[in-house]
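K.L.:
Before we start, here is the structure in question, set down as structure tokens.
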Amino acid sequence: MGNPKMSVWVCFSALLFAGVSFAQEPLPALPVDEKTGLITYREVVEIEGAKSDLFNWAVYWINEYYKNPADVTKVRDAETGEIKGVHRLKIRNTAEDGSQTDAGLVQYNFAIELKDNRYRCTLNEFVLRQSSKIPVEKWMNREDPQYNPLWDQYLAQIDEFATSWIQALKEGMKPPAEDNDDDW
């Protein structure tokens, strides 16, 4: 029979280690719309150009960014300066060894609203696509009896995606370089 003090120490250490390994990371600072309560990324960007030019640049960016842009965009209205679409992003589970497996698809809506010298982009209505759509805002509630620590990873992936989407749009909306081919 082993040393009882050693057994108590091993059990205490195991419990302490388990508590530390399951400590919750802080949630990413997700932007939540006060009126709707939905995760909403929105930014207004000042840029030189007529609404029609900005519209064309936005359409060009969408055509480059998405594999099937005609299916993604639901509204492309040059007169009102509105582009609206629905798309999906894959979320993944990451194991301790770094390997990844699919965790599902999150659908989101986006809008690009254009005016002379500025545009506003919005990403919102993030829902996990299953037999029924589950709003991802549910994952922010750590008091939920069904809470799963993986939800924090999923929210971080959504945050990373939305932030990079907005940055890619900003890069794509920069005016094209002027072609000064007068030296012939």
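The values are calculated or read from the model by the stated rules, or taken from the named source; none is laboratory data. What you see is a predicted model, and the numbers here were worked out from it, not measured in a lab. When we count neighbours, we look across all protein chains shown, and the Cβ atoms used for this are built from the backbone with ideal geometry, even at glycine.
Conditions (1) among the polar types (S, T, N, Q); (2) closer than 30 Å to residue 52 by Cβ, marked per residue:
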| residue | (1), (2) |
| --- | --- |
| 78 | no, yes |
| 105 | no, no |
| 117 | yes, yes |
| 122 | yes, yes |
| 138 | no, no |
| 154 | no, no |
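K.L.:
Which pairs have Cβ atoms under 7 Å, sit 6 or more apart or on different chains, and link a residue in region 90-109 that is within 15 Å of residue 130 (Cβ to Cβ) to one that is of a type in the set (Ser, Thr, Tyr)?
P.N.:
Here the result reads 91/154; 103/154, each pair linking region 90-109 to a residue that is of a type in the set (Ser, Thr, Tyr).
To keep it simple, each residue is scored yes or no on (1) under 18 Å from residue 37 (Cα atoms); (2) at pLDDT below 95; (3) exposed (fewer than 15 other Cβ atoms within 10 Å of the Cβ).
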{"residue": "83", "(1), (2), (3)": "no, no, no"}
{"residue": "86", "(1), (2), (3)": "no, no, yes"}
{"residue": "123", "(1), (2), (3)": "yes, no, no"}
{"residue": "130", "(1), (2), (3)": "no, yes, yes"}
{"residue": "133", "(1), (2), (3)": "yes, yes, yes"}
{"residue": "158", "(1), (2), (3)": "yes, no, no"}
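K.L.:
Among the residues that make up region 142-155, is at least one of them in contact with a strand residue (DSSP E or B) (Cβ under 6 Å, 6 or more places away or on another chain) and closer than 22 Å to residue 36 by Cα?
P.N.:
Yes, because at least one residue in region 142-155 is in contact with a strand residue (DSSP E or B) (Cβ under 6 Å, 6 or more places away or on another chain) and closer than 22 Å to residue 36 by Cα.
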